[in-house]
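J.: First the structure, which I've put down as structure tokens, then a few questions once you've had a look.
The values are calculated or read from the model by the stated rules, or taken from the named source; none is laboratory data. Note that the structure is predicted; figures quoted are calculated from it, not measured. Heads up, the Cβs are rebuilt from the backbone with ideal geometry, glycines too, and the neighbour counts pull from every protein chain shown. Accessible surface is based on the protein model in full, side chains and every heavy atom, while ligands, DNA and RNA are left aside. Shrake-Rupley method; radii C 1.70, N 1.55, O 1.52, S 1.80 Å.
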Amino acid sequence: MAQQENVPPQFELMLKVFLPFAGGYYLSYLYRTVNAIISPDLVSEFGLGPADLGLLTSSYFLTFAMFQLPLGILLDRYGPRRVNASLLMLAGTGAALFGLAQGLPGLIVARALIGLGVSGCLMSSMKVFTLWFPMNRLATLNGWLLSCGGLGALSASKPAEELLRITDWHSVFLMLAALTFAAAGAIFLVVPEREAPSAPQSLADSLRSLPAILRNANFWRLGLLVIAGQGVFMSLQSLWIAPWLKDVAGLGRAEVGTHLLIAALGMIVGAALWGVVADWLLRHGVETVKVVLVGVGCNLIILTMFAFGVTRGTLPMLFALTLFGQAQPLVYAILSKEFPLELSGRVISTLNFMVFLSAFSVQWGTGLIINLWPVEAGSYARAGYATAFGACVVLLLVPYLLLLLSRRPRVPDPAAQ
């Protein structure tokens with residue numbers, strides 16, 4: 001968008017706009033993935049089966065998803081600063097309740113409240129970037145933002161495992177609650193306010209705009225791939241890859257923490273890399289959608305190896321899985337130019353609603369499939385993992401082939417504008 005008067009220098013914007021919102025997204029991803037490292041404690045303390053563990057962890061995704069549609073309207077009407085700061089206060093409350101929980105129902109309610117509270121971190125960041133930064137910087141900024149999420153995933157791996165050596169998971173969540181309240185304050189007090197370039201619509205008008213989004217062919221052509229791909233990716237990264245490493249690969253807790261750290265590093269590198277690569281390739285005539293297809297194709301190969309129980313080279317496999325998985329969010333930047341700027345919050349939040357509903361379904365569904373086999377000596381069955389991970393491969397393969405084989409019109413890309 002064209003820059004208007006009284007816009008601070010870019011460096012100041014990075015400090016006052018990018019960093020506070022990136023801090024909130026860092027926490028949201030830490031919350032999303034921390035159950036992978038504390039899952040043995042939860043299973044031991046509360047006697048959770050795979051279906052219980054899947055439901056508990058995926059409750060984050062359910063409330064996250066259900067708030068995406070009203071979130072888009074709130075972002076367009078009230079602005080990302082006020083909305084995100086308010087929601088993070090709920091996340092901090094949920095973290096405190098999780099740390100104090102004494103049973104599965106309390107854990108589920110607290111986890112769901114955390115999911116609701118961090119549901120605005122990604123979308124509000126993307127929205128605030130459209131208000132303060134040039135459009136040709138969005139892909140790069142979004143990539144950097146996703147790298148901050150990768151730092152959150154990294155913090156939930158080996159560092160969290162080391163922290164659990166000196167304290168328990170209850171105390172960890174109480175500390176996270178304090179950090180989340182601080183992040184909410186930073187966003188509210190540090191980030192400058194800026195009005196959208198056009199007046200916000202009424203609530204009724206906002207709701208009436210949703211059918212136009214859902215009728216857009218490119219929204220579905222690309223969206224289905226991201227809905228399936230990110231649903232599978234988040235389900236595995238935030239929970240099921242850690243039990244797989246323990247039960248199938250036979251790794252101990254410290255080794256699992258190291259693997260999760262390597263996976264987080266892959267996510268950080270991929271998130272920072274793909275936006276820059278996509279912008280560079282676009283300047284040389286290569287559409288961004290082709291970058292997405294390459295990334296998803298590599299993910300399918302690696303997921304198939306996990307489904308077949310390949311346990312050699314798990315460190316590079318996990319690094320590659322998260323590295324190539326970060327090509328999928330490029331679709332958000334592609335679709336952002338399909339609609340007017342005043343609809344941008346609703347476009348990305350509508351897609352995000354479907355993505356996180358998919359993550360909830362895949363994560364809980366994986367637990368339900370694994371639960372079909374008996375637990376032996378505290379480990380879930382290899383056949384259960386093979387079946388569940390194989391289902392994930394099929395879920396991603398179908399929209400991938402549909403997009404790959406379809407005769408697509410050229411998809412507008414924001415970096416080309």
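J.: In nm, to one decimal, how far is the modelled label at Asp41 from the one at Met175, with both set 7 Å along Cα→Cβ?
T.: With each label point 7 Å from Cα toward Cβ, the separation is 1.0 nm.
J.: Ignoring everything but the protein chains, give the 1.4 Å probe accessible area of Tyr78 in square angstrom, nearest 10.
T.: 110 Å²
J.: Of the cross-linked pairs Lys16/Lys337; Lys290/Lys337; Lys127/Lys290, which ones have a Cα-Cα span greater than 19 Å in the structure shown?
T.: Check vs 19 Å cut-off fails for Lys16/Lys337; Lys127/Lys290.
J.: Return the whole-Å distance between the Cα centroid of the range 111-156 and the Cα centroid of the range 61-102.
T.: Taking the Cα centre of the range 61-102 as reference, the centre of the range 111-156 is 14 Å away.
J.: While we're looking at this one, here's another question. How large is the translational diffusion coefficient of the chain in µm² per second when you combine the Kirkwood radius over alpha carbon pairs with Stokes-Einstein at 10 °C and 1.306 mPa s?
T.: 74 µm²/s
J.: Give, in whole angstrom and from largest to smallest, the semi-axes √(5λ) of the equivalent ellipsoid of the range 223-274, with λ running over the eigenvalues of the Cα gyration tensor.
T.: Semi-axes, largest first: 23, 15, 6 Å.
J.: What figure in square angstrom, to the nearest 10, would you give for the accessible area of Arg137 with a 1.4 Å probe?
T.: Accessible surface of Arg137 is approximately 80 Å².
J.: Starting from the Kirkwood radius over alpha-carbon pairs of the range 262-328, derive D by Stokes-Einstein at 25 °C in a medium of 0.890 mPa s and give it in µm² s⁻¹.
T.: 200 µm²/s
J.: While we're looking at this one, here's another question. Count the net charge of all other residues whose Cβ sits under 14 Å from the Cβ of Ala359, scoring Lys and Arg as +1 and Asp and Glu as -1.
T.: Summing Lys and Arg as +1 and Asp and Glu as -1 gives +2.
J.: Set the Förster distance to 25 Å, then compute FRET efficiency between Val286 and Val398 from the Cβ-Cβ distance, nearest 0.05. Write down the numbers at each step before the final one.
T.: Working: r = 25 Å, r/R0 = 1.01.
Here the calculated transfer efficiency is 0.50.
J.: Which ³J(HN,Hα) values in Hz, rounded to whole numbers, follow from the phi angles of the range 73-82 under the Karplus curve 6.51 cos²θ - 1.76 cosθ + 1.60, where θ = phi - 60° and Gly and Pro get x?
T.: 5, 5, 5, 6, 8, 10, x, x, 4, 5
J.: Can you tell me the Rg and Dmax of the range 36-102, counting just the alpha carbons, in angstroms?
T.: For the range 36-102, the Cα-based Rg and Dmax read 15.3, 45 Å.
J.: Let me check against my output: what whole-number percent is the relative contact order of the chain, with C-alpha pairs under 8 Å and at least 6 apart?
T.: Averaging sequence separation for qualifying contacts and normalising by length gives 27 percent for the chain.
J.: For the range 244-254, what does the Karplus curve 6.51 cos²θ - 1.76 cosθ + 1.60, with θ = phi - 60°, yield as ³J(HN,Hα) per residue in whole Hz, taken in order and with x for Gly and Pro?
T.: Ordered by residue, 3J(HN,Hα) equals 4, 4, 6, 7, 9, 7, x, 8, x, 4, 4 Hz.
J.: Can you list the lysines whose alpha carbon is less than 19 Å from that of Lys158, not counting same-chain residues fewer than 8 positions off?
T.: Candidates past the 8-residue exclusion: Lys246.
J.: Arrange the residues Ser59, Ser406 by how much accessible surface each exposes, largest first, with a 1.4 angstrom probe.
T.: Descending accessible area places them as Ser406, Ser59.
J.: Take the Cβ-Cβ distance between Ala377 and Lys16 as r, set R0 to 56 Å, and report the resulting FRET efficiency rounded to the nearest 0.05. Write down the numbers at each step before the final one.
T.: On the way: r = 54 Å, r/R0 = 0.96.
The formula returns an efficiency of 0.55 here.
J.: Where a ≥ b ≥ c are the square roots of the eigenvalues of the C-alpha gyration tensor, would you call the range 329-394 rounded, which needs a/c under 1.5, or, failing that, prolate if a/b is larger than b/c, or oblate? Write down the numbers at each step before the final one.
T.: On the way: a/c = 5.19, a/b = 3.50, b/c = 1.48.
Judged from the Cα gyration tensor, the range 329-394 comes out prolate (a/c at least 1.5, a/b above b/c).
J.: Could you rank Arg111, Arg194, Arg312 by how accessible they are, 1.4 Å probe, largest area first?
T.: Arg312, Arg194, Arg111
J.: Here is a follow-up. Karplus couplings for the range 295-308 from phi (6.51 cos²θ - 1.76 cosθ + 1.60, θ = phi - 60°), rounded to Hz, Gly and Pro as x?
T.: Each residue's phi maps through the Karplus curve to give x, 5, x, 5, 4, 4, 4, 5, 4, 4, 5, 4, 4, 7 Hz.
J.: Follow-up. Can you pull the accessible area of Trp132 for me, 1.4 Å probe, Å² to the nearest 10?
T.: Around 10 Å² of this residue is reachable by solvent.
J.: Show Ile114, Ile301 ordered by accessible area, largest first, where the area counts protein heavy atoms only and the probe is 1.4 Å.
T.: On the way: Ile114 0, Ile301 105 Å².
Correct descending sequence by accessible area is Ile301, Ile114.
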